[in-house]
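The values are calculated or read from the model by the stated rules, or taken from the named source; none is laboratory data. The model shown is predicted, which means the values in this text are computed figures rather than measured ones. Here the Cβ is made from the backbone with ideal geometry for all residues, glycine too, and neighbour counts use every protein chain on show. Just the protein is used for accessible areas: all its heavy atoms, side chains included, with ligands, DNA and RNA removed. Shrake-Rupley method; radii C 1.70, N 1.55, O 1.52, S 1.80 Å.
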Amino acid sequence: PMNKLTAGLVGMLVMARVEEKNAKVTFLTAYVLSWLYCSFGFIWMYRAIFFKNDNSHFQFKSAEGTVMTLSKKEYDINKLGESLQAFVTIMVFVGMIAYQLGEFRVVFMVSVYMAFSIAESELFRIHMLGQSDEVEELRRPFGQKNDKPFEIRKREGPTEDGGSTRIDDKKQEKQD
């Protein structure tokens with residue numbers, strides 16, 4: 001998931017004017033650099049997971065609904081494999097489309113997006129940046145905190161006019 005700053009940066013970079021004769025070279029260079037950056041990121045994350053050797057176990061409900069018990073090391077290696085598979089699939093697909101259509105701006109945008117998405121991933125933040133996995137947003141299993149991922153989250157608390165931003169409070173106000 002990209003934050004607002006990252007999305008803005010990607011938008012600015014895509015809209016940046018590049019001379020037509022150098023556009024293809026510039027965008028393909030970004031594509032290759034993204035492959036290298038992300039490949040090294042995956043290798044270093046794997047090494048960090050492997051050498052950390054965190055064999056503490058936790059239970060979680062799988063997508064099939066069964067309760068599974070895995071060590072943090074096993075879970076992280078599985079998630080890293082899923083991320084690697086998604087990365088390779090997206091980069092190959094976009095590279096083939098760009099080659100067939102001759103439009104390389106998309107390659108540039110996806111390359112920048114993939115590099116930022118690796119750097120903002122939970123595994124990168126835990127194993128490369130050393131952030132604690134006890135923080136709510138980094139707690140395993142990843143991505144299962146919100147059943148409604150597209151729900152608009154509002155800040156709770158009083159507004160300037162003395163009202164409340166909580167949805168439950170607004171429903172109650174309507175009933176009164």
field: Enumeration of residues in region 82-119 that are farther than 15 Å from Arg140 by Cβ and among the small types (Gly, Ala, Ser)
entry: Ala86, Gly95, Ala98, Gly102, Ser111, Ala115, Ser117, Ala119
query: Asp76 is checked against (1) over 13 Å from Leu123 (Cβ atoms); (2) touching a His at 6+ places or on another chain (Cβ under 8 Å) and fails just one. What number does that condition carry?
result: (1)
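So that you can scan it fast, the table gives a plain yes or no per residue for (1) open to solvent by 70 Å² or more (accessible area, probe 1.4 Å); (2) modelled with pLDDT of 65 or more:
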residue: Leu9; (1), (2): no, yes
residue: Arg17; (1), (2): yes, no
residue: Ala30; (1), (2): no, yes
residue: Leu36; (1), (2): yes, yes
residue: Asn53; (1), (2): yes, yes
residue: His57; (1), (2): yes, yes
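Restricting region 64-116 to residues that are hydroxyl-bearing (Ser, Thr, Tyr) and free of Cβ contacts under 8 Å to residues at least 40 places away in the same chain, which is surrounded by the most Cβ atoms within 10 Å (Cβ to Cβ)? Reasoning before the result, please.
Of all residues in region 64-116, those hydroxyl-bearing (Ser, Thr, Tyr) come to 66, 69, 71, 75, 83, 89, 99, 111, 113.
Pick out the ones that are also free of Cβ contacts under 8 Å to residues at least 40 places away in the same chain and you get 66, 69, 71, 89, 99.
Values: Thr66: 8, Thr69: 9, Ser71: 14, Thr89: 10, Tyr99: 12.
Looking at the filtered set, the residue picked out is Ser71.
This table checks each residue for (1) more than 22 Å from Asn22 (Cβ to Cβ); (2) within 18 Å of the chain's Cα centre (by Cα); (3) assigned to a helix (DSSP H, G or I); (4) modelled with pLDDT under 90.
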{"position": "Met68", "(1), (2), (3), (4)": "yes, no, no, yes"}
{"position": "Glu74", "(1), (2), (3), (4)": "yes, no, yes, no"}
{"position": "Gly81", "(1), (2), (3), (4)": "yes, yes, yes, no"}
{"position": "Thr89", "(1), (2), (3), (4)": "yes, yes, yes, no"}
{"position": "Tyr99", "(1), (2), (3), (4)": "no, no, yes, yes"}
{"position": "Glu103", "(1), (2), (3), (4)": "no, no, no, yes"}
{"position": "Val112", "(1), (2), (3), (4)": "no, yes, yes, yes"}
{"position": "Ile118", "(1), (2), (3), (4)": "yes, yes, yes, yes"}
{"position": "Gly130", "(1), (2), (3), (4)": "yes, yes, no, yes"}
- prompt: Scanning region 21-45 for residues that are within 17 Å of the chain's Cα centre (by Cα) and among the hydroxyl-bearing types (Ser, Thr, Tyr), which turns out nearest to Ser83 (Cα to Cα)?
  reply: Ser39
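Here are Lys154, Lys170: which of them is in a helix (DSSP H, G or I), modelled with pLDDT under 85 and farther than 30 Å from Asn22 by Cβ? Talk me through it step by step, then tell me what you get.
Details: Lys154 fails: in a helix (DSSP H, G or I).
Within the list Lys154, Lys170, the selection yields Lys170.
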